[in-house]
1. Could you give every pair whose Cβ atoms fall below 9 Å, whose first residue belongs to region 7-22 and is closer than 17 Å to residue 73 by Cβ, and whose second residue is crowded, with 19+ Cβ neighbours inside 10 Å and among the polar types (S, T, N, Q), counting only separations of at least 6 or pairs across chains?
2. Within region 44-57, how many residues are assigned to a loop (DSSP other than H, G, I, E, B) and loosely packed, with under 11 Cβ neighbours inside 10 Å?
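Values quoted throughout were computed directly from the atomic coordinates according to the rules given, and no laboratory measurement underlies them. Just so it is clear, the structure is predicted and the values come from calculations on it, not from any experiment. Counting neighbours? That spans all protein chains shown, and the Cβs are built from the backbone with ideal geometry, glycine included.
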Amino acid sequence: MEHNTIGYWIVFLFIGGVIGWLAGIIIRGRGFGIIGDIAIGIVGAMLGGWMAGVLGLYTSSSIGAFLIALAGAVVLVGLTRFVIRHAAV
């Protein structure tokens, strides 16, 4: 699928939402709403890709890329909840 098609962006946002939603479940708790979950999923996927590159981890499979994106989103959700929890105190 080409990157400049509407179908690509719909899939991209859907997968971002799924990753953000799963990260919220893994960290135990509710998500940040659909827009928040998508944002965290997308930013977390980029964070996961960056972390994997720093660690020298590379994948050529869709499952591996999904797991790396999910790991990044889990880290981002955890950090976000930590900051929110401690900022309110």
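1. Within 9 Å, no pair qualifies.
2. 1
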